[in-house]
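Below you'll find the structure, written out as structure tokens, and then a few comments.
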Amino acid sequence: MNVNLQQITEHYNELKEDRRIIVCAGTACVANGAFELIAALEAEIKKAGINVRVDVHDETKKDMNLTYSGCHGFCQMGPLVTIEDQDILYVRVHKEDAAEIVEKTLKNNQPVERLLYVDPVSKQPIRNASEINFYKRQQRISLANCGHICPDDIAEYISKGGYEGAKKAYSMQPEDVCKEVLASGLRGRGGAGFPTGKKWQFTLANKSDVKYIICNADEGDPGAFMDRSIMEGDPHAVLEGMMIAARGVDANEGVIYCRAEYPLALQRVRKAIKDAEEAGILGDNIFNSGKSFRIRVMEGAGAFVCGEETALIKSIEGSRGMPTPKPPFPAKSGLFGKPTVINNVETLACVPVIMRKGAAWFKAIGTEGSAGTKNFALTGHVANTGLVEVPFGATLREIIFNIGGGITDDKGNPMPDGFKAVQIGGPSGACLVEEHLDVPIDFDSIKKHEAIVGSGGLVVMNKNTCMVSIAKFFMEFTQRESCGKCVLCREGTKQMLAMLEDIVEGKATEKTLDDLEELAHAVAKGSLCGLGKTAPNPVLSTLKTFRKEYEAHVIDKYCPAGQCQALRKFTIVADKCKGCTLCSRKCPVGAISGKVKEPHVIDPAKCIKCGACKDACKFNAIEG
């Protein structure tokens with residue numbers, strides 16, 4: 001079908017209002033009342049006598065457009081509201097703020113000062129997003145449209161250059177499409193970092209009447225939400241990436257495998273497919289090429305192991321999601337035994353830009369061996385949590401301290417010298433410490449420090465964090481998610497978890513540490529798939545870097561961070577104690593004794609280590 005993208009863009013621009021309000025409607029903001037806020041703003045705008053368009057399919061131009069977007073990335077500050085024509089970004093907005101926004105900003109062109117972001121250092125309010133460190137230090141490619149366009153409006157996507165890359169690809173030969181992507185230096189963003197163009201070439205070389213493109217949206221790392229945010233904010237970019245991949249390998253069917261826990265992403269990507277089909281972009285005779293390509297969506301049941309490509313294929317085929325040995329690789333025998341390309345969401349979202357702007361443009365960003373940008377889900381003890389996109393080669397220091405705004409304590413207060421470690425690469429990754437803060441983050445540099453970029457999870461930890469407990473947390477996750485096919489993974493992770501539990505409960509011996517390390521290496525070596533092979537990584541990296549902390553738990557029966565309840569030792573500092581008796585009154589087991597206005601003492605034999613005394617003390621006289 002001959003689809004005129006330029007005509008769609010011109011029609012959209014004719015209807016587009018000069019005055020525009022965008023409310024962030026990613027998952028986090030929706031949970032905090034984004035749609036209730038939109039309803040309140042609509043009511044107040046109409047009350048003010050302003051003719052407003054809220055339906056993306058309304059063909060009548062109005063005085064103002066009130067719409068929604070996908071995730072901005074600045075999740076901690078949501079719900080977010082952008083007043084485009086005045087270049088204003090409001091943070092932590094709720095429906096109760098709607099009337100003031102309409103009165104001050106829309107009617108009188110004045111900002112609502114209390115809704116502006118306040119810089120944590122200068123303490124000054126910042127009016128626009130481009131001046132906020134969180135945004136201005138990023139370079140967005142796959143996230144470029146997120147927060148700026150309505151994900152449910154295909155015309156708006158097209159007006160930003162959408163589907164121009166697919167149109168170009170379908171005018172090229174498959175070999176040339178593969179060569180362009182290979183020349184760009186794009187490597188898989190799902191964790192392995194394999195060259196995308198090379199994967200496509202392998203698949204193209206295998207002749208078959210049916211070939212498949214699978215979008216792996218089974219994002220399962222704890223704290224990761226990179227792929228979800230792209231699907232919620234820019235679903236057409238994913239479809240276009242799949243179309244280009246299909247042209248590159250001569251595929252005719254596509255599957256988006258997305259976990260059921262992403263209802264908003266599923267809703268928006270399904271609508272995007274429907275709209276693209278109705279527009280004649282997706283389906284038969286794409287751009288008059290004579291080629292057809294259709295995409296369907298399958299919901300996964302939330303099994304982490306299904307992020308592994310062979311397990312994912314088994315799940316789509318209707319079997320239990322369990323890895324299978326390779327070779328054969330999916331490029332030769334994948335879904336239903338046919339040649340198959342599997343790329344994750346972020347990888348596919350980069351492809352349309354590469355086709356539109358050229359391989360050389362993309363290759364110039366990042367490092368020699370890792371071209372382009374990478375998305376990271378920044379969480380933990382950091383001031384600005386959220387989704388960030390930076391060029392490969394950026395450092396952890398830049399991400400954590402400049403974009404992230406620095407370290408916080410457990411209550412969110414600034415903790416300037418509080419950095420302890422960062423877990424990179426999710427449960428398959430490793431802990432990096434202060435000496436690694438200036439290491440460039442790219443596939444090759446980070447590997448030299450026995451870590452991986454992974455899918456992009458970054459969990460920041462302050463000095464109050466117990467690293468043994470962190471290793472135990474990740475081991476609980478991987479042990480629970482093991483499919484059970486490999487004995488070493490199934491039983492080995494279970495035994496590793498049991499040893500870690502003994503350590504945090506004060507039941508371990510020095511031999512436990514030796515056994516733990518030996519077993520970790522065995523599990524990594526003998527497991528079939530990536531889950532088992534990388535499951536020991538958090539344990540091995542923390543054992544290497546924080547061995548003294550492990551030894552304190554085992555030998556001294558003491559948790560240096562004071563987080564392991566079984567190993568907490570509470571004492572009262574006599575010089576600080578005022579004898580107010582509050583601690584003894586709060587103690588549930590009567591373990592604290594002393595006279596009024598005299599220092600008190602704790603009986604360790606009675607103490608159940610609940611911490612109630614420490615929480616109650618107003619003089620910081622209790623340590624533990």
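Quick notes on this structure:
- The stretch 403-423, residues that are modelled with pLDDT of 90 or more, more than 17 Å from I470 (Cα to Cα) and either basic (K, R) or touching a helix residue (DSSP H, G or I) at 6+ places or on another chain (Cβ under 6 Å) (or both): I403
- Set side by side, the residues I256, I281 differ, and just one is under 20 Å from G337 (Cα atoms), in contact (Cβ under 8 Å) with a residue 12 or more places away in the chain, hydrophobic (A, V, I, L, M, F, W, C) and not in a helix (DSSP H, G or I), which is I256.
- Residue selection: A535 satisfies the criterion of being in contact (Cβ under 8 Å) with a residue 12 or more places away in the chain and under 21 Å from V422 (Cβ atoms).
- Checklist (1) modelled with pLDDT of 90 or more; (2) closer than 22 Å to D556 by Cα applied to G611, failing item: (1)
- Test: A237 is among the small types (G, A, S), surrounded by fewer than 24 Cβ atoms within 10 Å (Cβ to Cβ), closer than 19 Å to T373 by Cβ and in contact (Cβ under 8 Å) with a residue 60 or more places away in the chain: no
- Meets criteria (out of contact with any Cys (no Cβ under 7 Å at 6 or more places or on another chain) and in contact (Cβ under 8 Å) with a residue 24 or more places away in the chain) for L513: yes
- Out of L312, L264, L282, one residue alone is surrounded by 15 or more Cβ atoms within 10 Å (Cβ to Cβ), among the aliphatic types (A, V, I, L, M) and closer than 22 Å to C71 by Cα. It is L264.
- Within the stretch 467-525, the set of residues being in a helix (DSSP H, G or I), of a type in the set (G, A, S) and surrounded by fewer than 22 Cβ atoms within 10 Å (Cβ to Cβ) comprises S469, A498, A522, A524.
- Any hit, the stretch 118-125, residues being of a type in the set (A, V, I, L, M, F, W, C) and out of contact with any Lys or Arg (no Cβ under 8 Å at 6 or more places or on another chain): yes
- Residue among Y68, Y12 that alone is aromatic (F, W, Y), at pLDDT below 95 and at negative phi: Y12
- Any hit, the stretch 449-457, residues being free of Cβ contacts under 8 Å to residues at least 60 places away in the same chain, under 30 Å from A394 (Cα atoms) and touching a strand residue (DSSP E or B) at 6+ places or on another chain (Cβ under 7 Å): yes
- Restricting attention to the stretch 22-40, the residues that are of a type in the set (G, A, S) and in a helix (DSSP H, G or I) add up to 5.
- Of note, V433 does not satisfy the criterion of being among the hydrophobic types (A, V, I, L, M, F, W, C), over 15 Å from G386 (Cα atoms), at pLDDT below 90 and under 22 Å from the mean Cα position of the chain (by Cα).
- Any hit, the stretch 104-113, residues being in contact (Cβ under 8 Å) with a residue 60 or more places away in the chain and either of a type outside the set (A, V, I, L, M) or on the phi < 0 side of the Ramachandran plot (or both): yes
- Pairs, first in contact (Cβ under 8 Å) with a residue 24 or more places away in the chain and within 12 Å of C215 (Cα to Cα) in the stretch 303-315, second among the β-branched types (V, I, T) and crowded, with 24+ Cβ neighbours inside 10 Å, C-beta under 6 Å, six or more apart: E309/I342
- For C587, the conditions (1) of a type in the set (A, V, I, L, M, F, W, C); (2) more than 22 Å from A471 (Cα to Cα); (3) out of contact with any helix residue (DSSP H, G or I) (no Cβ under 7 Å at 6 or more places or on another chain) are fulfilled apart from (3).
- For the stretch 330-361, the set of residues classified as closer than 23 Å to C258 by Cβ, at pLDDT below 95 and in a loop (DSSP other than H, G, I, E, B) consists of P330, A331, G334, listed by residue number.
- Some residue of the stretch 379-396 being in a helix (DSSP H, G or I) and within 30 Å of K123 (Cβ to Cβ): yes
- Qualifying positions in the stretch 581-607 - closer than 17 Å to E623 by Cβ and either in a loop (DSSP other than H, G, I, E, B) or touching a Lys or Arg at 6+ places or on another chain (Cβ under 6 Å) (or both): C587, A591, G594, P599, H600, D603, P604, C607
The values are calculated or read from the model by the stated rules, or taken from the named source; none is laboratory data. Quick caveat: nothing in here was measured; it's all calculated off a predicted structure. Don't worry about glycine lacking a Cβ; one is built from the backbone with ideal geometry, like all the others, and counts go over all protein chains shown.
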